[in-house]
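Let me begin by handing over the structure; questions about it come next.
Just so you know, all these numbers are worked out from the coordinates, no wet-lab data involved. Because the structure is a prediction, the values reported are computed rather than measured. Backbone-built Cβ (ideal geometry, glycine too); neighbour counts: all protein chains shown.
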Amino acid sequence: MAEPLKVNCRTCHAKLDVGEFAPFEQVACPQCGTVIRVPMRFDRYLLEKVCGKGGDSIVYRAIDPELSRRVAIKIGNGVSADGEADPRFVNSARISGILSDPGVVPVYNCGICDNRSFLVMRFMEHGDLERMLKHHELPEHSVILSWIAGIIPALIEARNKNIVHHDIKPGNIMLTAENSPKIGDWDLADCRTQGDYQTPCSEWASPIYASPERIYCGCEDYRGDIFCLGVTIYELLSKQAPFGLSGSTEEIYDRRKNMEFVPLAEILPETMPELSRIVSAMLEYLPENRPDYEEILKVIKQAVDYKKDMEKGSCSGHSGRISWFRKN
C-alpha cells in the first residue's frame, strides 16, 4: 500500500492524497482541475521536479513543508568514503554561512538521506545566466552589466575573508524571481591569502573560464576569480568565449599566455572603451596585472549608465604542471 502523501492544490487549496501516483506524475485536482505534479519524499522535503543535472548530482525544485517554502536541493550520487556527507556539499554550506552579502545564494541545510548527500539552498526562480545564454534569452547589455555589478560586492567580501570561489561562470550566477543576482555553487571554494600558490585547488575546473595559473600549476588566489569574471562578462556581452571552446589543455593555456582574444570594442563597436579596456585587463596573463574588484565595479557602473543612454538613443532612432579539467 502506498504511503500517504498529501499536498495542497495551489489554486483551491484542497488537501489531496496523491500517495498512489508515481513521483513527478501530473494529475488534476478533483476540486478545480488544476494540474498538480506529484512530489517525491526525500528526508523532510518534497521533490517537485528536476531543475538540472551534473556529472555526479541532480538539482531538484522542492518544498520544505516544515517552513512552507520552496527550495532547491542538490542530491549527490552517494556519500564520502568515510560515510560522511559529500565534503563539497559541507564546504558549500560552510562558506555560504561565512559570507553575509546578499549576492550569495543562501544555504539552509546539508546532510545525508538514503545514503546520498544533499544540500538545500534558496530556490532561484529565474535560473542561471548560462541557461539564458544558451537559449538566447539574455536582456540588453545594461541589464547584464547591472547583474554583474550586483554580485561584485559578494566577491569583495569573499576576498576580504580570504575566500576564493574558483568557479565563477554564467552557470553559477543565478537570479531570484525579482531578478536579483546571486553567486551559487561554492563547492570548490577555499580559504587562501593573496599569493598562495602552494595550496592546490580542486582538480575540477571549467576549461572555458579557468585562469592560466590554475591551468598551469593548479593554484590560484582571488585574482583567478577576477580572470573567470572577465571571461564571463566577455561571453555574456559578445556571446562568444574569448579564448575559444576547444583544444587540448596546452592549447587552452597557450591562448591565455599569448592573450589571444579580440577586444570587446572590436566585436561590439558600441562598447564603452573603458569597459573593453577593463575586461581585457581582467584577462591579463599575470595575476598582478589584473585590476581589483573596486576598479572593475566602478567601470561597470559607468558602463551601465553608458549602455542605458545608448539603448535609449537606439529606441529613439540613434545609433609547470597541467591540471585536469572537468567538462561542462
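Assuming 0.36 nm per residue, please report the length gained on full extension of the stretch Ser100 to Lys53 beyond their Cα-Cα distance.
The Ser100-Lys53 span can extend by a further 14.2 nm.
Please arrange Cys51, Cys32, Cys110 by how many other C-beta atoms lie within 10 Å of their C-beta, fewest to most.
Details: Cys51 18, Cys32 12, Cys110 22.
Ranked by crowding around the Cβ, least crowded first: Cys32, Cys51, Cys110.
Let me have the relative contact order for the stretch 40-122, percent, based on Cα pairs under 8 Å that are six or more residues apart.
Reported as a whole number, the value is 25 percent.
Which ordering of Thr176, Thr271 is given by a fewest-first count of other beta-carbon atoms within 10 Å?
In order of increasing Cβ crowding within 10 Å: Thr176, Thr271.
Which cross-chain or sequence-distant (5 or more) residues have an amide H under 5 Å from the amide H of Ile36, H modelled 1.01 Å from N in plane?
HN-HN under 5 Å from Ile36: Val27, Ala28, Cys29.
Could I ask something else about it? Under 22 Å Cα to Cα from Lys298, which lysines show up? Leave out anything in the same chain fewer than 8 places away.
The reachable lysines, counting only those whose Cα sits under 22 Å from Lys298, are Lys161, Lys169, Lys182, Lys307, Lys308, Lys312.
Moving on. For a label point 7 angstrom out from the Cα of Glu260 toward its Cβ, which stretches of the stretch 233-252 have the backbone nitrogen within less than 17 Å?
Under 17 Å, as judged by backbone N against the label point of Glu260, lie 241-252 of the stretch 233-252.
Met40 to Glu311: FRET efficiency via 1/(1 + (r/R0)^6), r the Cβ-Cβ distance, R0 45 Å, to the nearest 0.05?
Numbers: r = 45 Å, r/R0 = 0.99.
Computed FRET efficiency for Met40 and Glu311 comes out at 0.50.
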